[in-house]
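Chemist: Can you read through this structure? Questions will come right after.
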Amino acid sequence: DAKTTQPTSMDCAEGRAANLPCNHSTISGNEYVYWYRQIHSQGPQYIIHGLKNNETNEMASLIITEDRKSSTLILPHATLRDTAVYYCIVRGPTRGGSNYKLTFGKGTLLTVNP
Amino acid sequence: NAGVMQNPRHLVRRRGQEARLRCSPMKGHSHVYWYRQLPEEGLKFMVYLQKENIIDESGMPKERFSAEFPKEGPSILRIQQVVRGDSAAYFCASSPGYGSEKLFFGSGTQLSVL
């Protein structure tokens with residue numbers, strides 16, 4: 001799986017959009033970008049994933065650059081409960097049962113301030 | 001619909017004792033993964049199991065650690081003769097089957113070895 005690079009920490013004001021960047025310059029053509037987050041003392045939680053098109057769900061939006069070498073996770077209106085470590089993970093296709101592992105890095109600690 | 005259940009939430013053992021960590025996957029899920037998170041480190045894959053079958057144990061230490069997922073009952077991660085270095089948070093995740101894109105994590109078991 002391709003390596004990812006994320007800032008160690010970021011701050012965001014409550015109610016503002018939080019934009020979390022991730023670099024994955026060695027990503028392969030069939031590898032997906034996944035985002036998980038881990039709130040303190042809890043297990044990781046799936047947020048969103050995408051291949052090359054931008055994706056949006058009830059939690060967040062994922063913007064992937066055209067060359068797919070980087071992406072941004074957007075939390076449109078951050079709340080205090082969004083304070084967590086956010087992990088950007090590159091993973092191959094899971095069809096056929098392959099690429100079942102998630103390889104977690106250090107992630108970005110997002111602190112949402114009141 | 002209950003999520004992934006792990007127990008106990010906290011487990012304290014003295015050096016040399018055995019630790020048993022339990023994981024009940026989400027309803028309808030037949031695949032279980034175990035991850036370990038050492039203090040100040042990221043989550044590391046340990047083992048991937050299907051009911052009555054170990055699919056991948058490449059992340060398991062060669063000695064003292066074992067895992068099972070019987071036909072009936074929860075998955076068990078067993079650590080024999082625990083040492084202080086085994087102190088960590090152990091997370092279980094489940095998925096419906098092969099090719100699952102999302103993993104659903106439990107809240108973890110915090111193992112402390114005195």
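Chemist: Could you give the length gained on full extension between A:Glu58 and A:Glu14, defined as 0.36 nm per residue of separation minus the Cα-Cα distance, in nm?
Modeler: 14.1 nm
Chemist: Still on this model: Using a basic spin-label model with each label point 7 Å from the Cα along Cα→Cβ, how many nm lie between B:Ser66 and B:Glu40?
Modeler: 3.5 nm
Chemist: Moving to a separate point now. If you place +1 on the Cβ of every Lys and Arg, -1 on the Cβ of every Asp and Glu, and leave all else neutral, what size is the dipole of the protein assembly as shown about its Cα centre, to the nearest 20 Debye?
Modeler: That gives the protein assembly as shown a dipole magnitude of about 640 debye.
Chemist: Just want the ordering: A:Ser9, B:Ser95, from fewest to most Cβ atoms lying within 10 Å of their own Cβ.
Modeler: A:Ser9, B:Ser95
Chemist: Pop the C-beta distance of B:Ser58 and A:Leu80 into the FRET formula with R0 = 45 Å and round what comes out to the nearest 0.05.
Modeler: 0.70
Chemist: With an 8 Å Cα cut-off and a minimum separation of 6 or more residues, compute the relative contact order for chain B in percent.
Modeler: For chain B, the relative contact order is 37 percent.
Chemist: Using the 10 angstrom Cβ neighbour count as an exposure proxy, how do B:Val12, B:Val32 rank, fewest first?
Modeler: Taking fewest neighbouring Cβ atoms as first place, the list is B:Val12, B:Val32.
Chemist: When only DSSP loop residues count, what GluC sites (Glu not before Pro) in region B:1-105 have their Cβ near at most 13 other Cβ atoms within 10 Å?
Modeler: B:Glu18, B:Glu40, B:Glu41, B:Glu52, B:Glu63, B:Glu72
Chemist: Can you list the residues, at least 5 places off or on another chain, whose amide H is less than 5 Å from the amide H of A:Arg16, using H built in the peptide plane?
Modeler: Sorted by chain and number, the residues that satisfy this are A:Ala78.
Chemist: List B:Ser112, B:Ser75, A:Ser98 from most exposed to least, where exposure is judged by having the fewest other Cβ atoms within 10 Å.
Modeler: A:Ser98, B:Ser112, B:Ser75
Chemist: Now, a different point. Using modelled amide H (1.01 Å from N, peptide plane; none on Pro or chain starts), what sits under 5 Å from the amide H of B:Asp56, excluding residues fewer than 5 places away?
Modeler: B:Tyr48
Chemist: If the reach is capped at under 16 angstrom between alpha carbons, list the lysines near A:Lys69, excluding any in the same chain fewer than eight residues apart.
Modeler: A:Lys3, A:Lys52
Chemist: Points 7 angstrom from Cα along the Cβ direction at B:His10 and A:Ser25: gap in nanometres?
Modeler: Modelled inter-label distance: 4.5 nm.
Chemist: Continuing with this model, one more query. Could you let me know the centre-to-centre spacing of region B:81-114 and region A:49-65, using Cα atoms, in angstrom?
Modeler: When both Cα centres are located, 27 Å separates them.
Chemist: May I pose another question? Let me know the charge dipole size of chain A about its Cα centre in debye, to the nearest 20, where only the beta-carbon of Lys, Arg (+1) and Asp, Glu (-1) is charged.
Modeler: 300 debye
Chemist: So what's the net charge close to B:Ile79: Lys and Arg +1, Asp and Glu -1, counting the other residues with Cβ under 11 Å from its Cβ?
Modeler: Charge balance in the 11 Å sphere: +2.
Chemist: Output the lone cysteines of the protein assembly as shown: those with no second cysteine's C-beta under 4.7 Å from their C-beta.
Modeler: Those would be A:Cys12, since no other cysteine Cβ in the protein assembly as shown comes under 4.7 Å of theirs.
Chemist: Run the reach check for B:Lys71 against aspartates and glutamates, Cα to Cα strictly under 19 Å, same-chain hits fewer than 8 apart removed. What comes back?
Modeler: Answer for B:Lys71, where 19 Å is the Cα cut-off: B:Glu52, B:Asp56, B:Glu57, listed by chain and number.
Chemist: Cross-link list A:Lys101/B:Lys27; B:Lys62/B:Lys102; B:Lys44/B:Lys102; A:Lys106/B:Lys62: which exceed 19 angstrom alpha carbon to alpha carbon?
Modeler: A:Lys101/B:Lys27; B:Lys62/B:Lys102; A:Lys106/B:Lys62
Chemist: With θ taken as phi - 60° and the coefficients 6.51, -1.76 and 1.60, list the Karplus ³J(HN,Hα) couplings across region B:72-78 in order, rounded to whole Hz; mark glycine and proline as x.
Modeler: Here the 3J(HN,Hα) series is 10, x, x, 7, 10, 9, 10 Hz.
Chemist: For region B:13-104, give the magnitude of the charge dipole about the Cα centre (Cβ charges: +1 Lys/Arg, -1 Asp/Glu; no others), in debye to the nearest 20.
Modeler: Computed charge dipole of region B:13-104: roughly 360 debye.
Chemist: Take A:Thr94, project a point 7 Å from its Cα along the Cβ direction, then tell me which residues of region B:100-114 have their backbone nitrogen under 19 Å from it.
Modeler: Hits in region B:100-114 for A:Thr94 at 19 Å: B:100-108.
Only the coordinates and a few stated rules stand behind these numbers; no lab work does. The structure displayed is predicted, hence computed values, not measured ones. Glycine gets a Cβ as well: all are built from the backbone with ideal geometry, and neighbour counts include every protein chain shown.
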